[in-house]
1. Does at least one position in segment 63-80 carry a residue that is under 16 Å from residue 37 (Cβ atoms) and in a strand (DSSP E or B)?
2. Can you find even one residue in segment 39-51 that is within 25 Å of residue 135 (Cβ to Cβ), modelled with pLDDT of 95 or more and part of a loop (DSSP other than H, G, I, E, B)?
3. Residue under question is residue 94, and the condition is that it be at pLDDT 95 or above and surrounded by fewer than 19 Cβ atoms within 10 Å (Cβ to Cβ); does it hold?
4. Here is a check on your reading of the model: is residue 99 touching a strand residue (DSSP E or B) at 6+ places or on another chain (Cβ under 7 Å) and surrounded by 13 or more Cβ atoms within 10 Å (Cβ to Cβ)?
5. Can you name the residue in segment 34-60 that is buried (at least 19 other Cβ atoms within 10 Å of the Cβ) and in contact with a strand residue (DSSP E or B) (Cβ under 8 Å, 6 or more places away or on another chain) and, of all such residues, is farthest from residue 96 (Cα to Cα)?
6. Right, residue 57: modelled with pLDDT of 95 or more and at positive phi or not?
7. For residues in segment 61-71 being free of Cβ contacts under 8 Å to residues at least 24 places away in the same chain and in contact with a strand residue (DSSP E or B) (Cβ under 6 Å, 6 or more places away or on another chain), which is surrounded by the most Cβ atoms within 10 Å (Cβ to Cβ)?
8. For segment 101-123, what are the residues that are assigned to a helix (DSSP H, G or I) and more than 16 Å from residue 53 (Cβ to Cβ)?
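The values are calculated or read from the model by the stated rules, or taken from the named source; none is laboratory data. Because the structure is a prediction, the values reported are computed rather than measured. Cβ atoms come from the backbone with ideal geometry, glycine included; neighbour counts cover every protein chain shown.
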């Protein structure tokens, strides 16, 4: 076998290895959080952290596409709230659930003019005091010492 052929074979095998076999550095596939998952989480966290006082008829979609926002909350003409999640940033369940808690505070403290004002901040601190963020940041967090 000639040197040139050996070099070409080595390069071809290297490319084959890099493209089809070796996955080092490739992002792992993420199962996107579905609208049903988001609805279930909204309902569960409404019960757990908001005493069930948030509206039940909130519309939840994965249709926010503006790259500036992980999610947005707005009010529909009929008075219901619309929470739109951006799948570009909230595909992973842990991130989606953290973001949903943020949006639930917007629902609780709704104001078109003072989005992240003192009432919203107090809501977020209240969630933290209740352990809402720890429960979804840490796997199987039970509040005990380990």
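1. Yes, segment 63-80 contains at least one residue that is under 16 Å from residue 37 (Cβ atoms) and in a strand (DSSP E or B).
2. yes
3. It is false that residue 94 is at pLDDT 95 or above and surrounded by fewer than 19 Cβ atoms within 10 Å (Cβ to Cβ).
4. Considered against the rule, which asks whether it is touching a strand residue (DSSP E or B) at 6+ places or on another chain (Cβ under 7 Å) and surrounded by 13 or more Cβ atoms within 10 Å (Cβ to Cβ), residue 99 comes out as yes.
5. Ranking the qualifying residues of segment 34-60, first place goes to 58.
6. No: the conditions fail for residue 57.
7. Filtering segment 61-71 for residues that are free of Cβ contacts under 8 Å to residues at least 24 places away in the same chain and in contact with a strand residue (DSSP E or B) (Cβ under 6 Å, 6 or more places away or on another chain), the one surrounded by the most Cβ atoms within 10 Å (Cβ to Cβ) comes out as 64.
8. If we filter segment 101-123 for residues that are assigned to a helix (DSSP H, G or I), which is where we start, we get 101-108, 118-123.
Result: 102, 118, 121.
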